[in-house]
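Laboratory data are not the source of any read-out in this text; all were calculated from the coordinates shown. Everything numeric here is computed off the predicted structure, so don't read it as measured data. Every residue, glycine among them, receives a Cβ derived from its backbone with ideal geometry; neighbour counts consider all protein chains shown.
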Amino acid sequence: MTFDPLAIITAFGLIFLAELPDKTMFASLAMGTRMRPLYVWFGTSTAFIVHVAIAVGAGSLLGLLPDLAVKLVSAALFAFGAFVLLRSGSDDEDDEAGTRTVTGFWPVCTTAFMAVFISEWGDLTQITTANLAATNGWLPTAIGSAAALMSVSALALLVGRFIAKRVPLKTVQRIGGACMAALAAWTLVEAFAG
């Protein structure tokens, strides 16, 4: 397997856009208003790394299939991702941390870890990471995906309120959905052109 910087950038861009309008970004923002942001970030980042490892493992198993099958499954997953992003409205799931103030590194880190770990199962970013690992290799996908997820969490903790006031999340969802649809079409072309 070769180390492809373009695969890292692709994974980062797709996962970053898919995670921006996600409930875990709002969970990070909500937890950051009640708890120390750095502690929240360590907890969310740890949960994201675990989920990336699970998704990359699943994608690596998918990569053992014949090339045409992998491309068709990848196109279907990208199309599904586009569908989910383009049809999703404004789900008000932004308060997952509760109202209790939590202090101390381990309690905050554990709370943040559990909130993200539970909510990310079967999430669009996990499916996309598995899909990218099957086609682009596990290492660049893991690096790009983990960096994107951790960046979105940091962004939510640092400047989430500013973004929510200035950039409509529907716009981000539409851009992410259009990118996923384009990738689905591109993957289908690759599947039948080669």
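Simple spin-label estimate for residue 9 and residue 185 gives 2.2 nm between the two label positions (7 Å along the Cα-to-Cβ direction from each Cα).
For the peptides 45-56, 180-191, the ranking by mean Cβ contacts within 10 Å, running from highest to lowest, is 45-56, 180-191. Backbone geometry of segment 127-132 corresponds, through the Karplus equation with coefficients 6.51, -1.76 and 1.60 at θ = phi - 60°, to 3J(HN,Hα) couplings of 5, 5, 4, 4, 4, 5 Hz, x marking Gly and Pro. Projected label points at residue 53 and residue 171, each 7 Å from Cα along the beta carbon direction, are separated by 3.8 nanometres. Sorting 140-146, 66-72, 151-157 by average packing, meaning the other beta carbons within 10 Å per residue, from highest down gives 140-146, 151-157, 66-72. Summing +1 for each Lys or Arg and -1 for each Asp or Glu, what net charge is found among the other residues whose Cβ lies under 10 Å from the Cβ of residue 51? Taking every other residue near residue 51 into account, the sum is -2.
Between residue 65 and residue 119, the simple label model (points 7 Å from Cα in the Cβ direction) yields a spacing of 3.0 nm.
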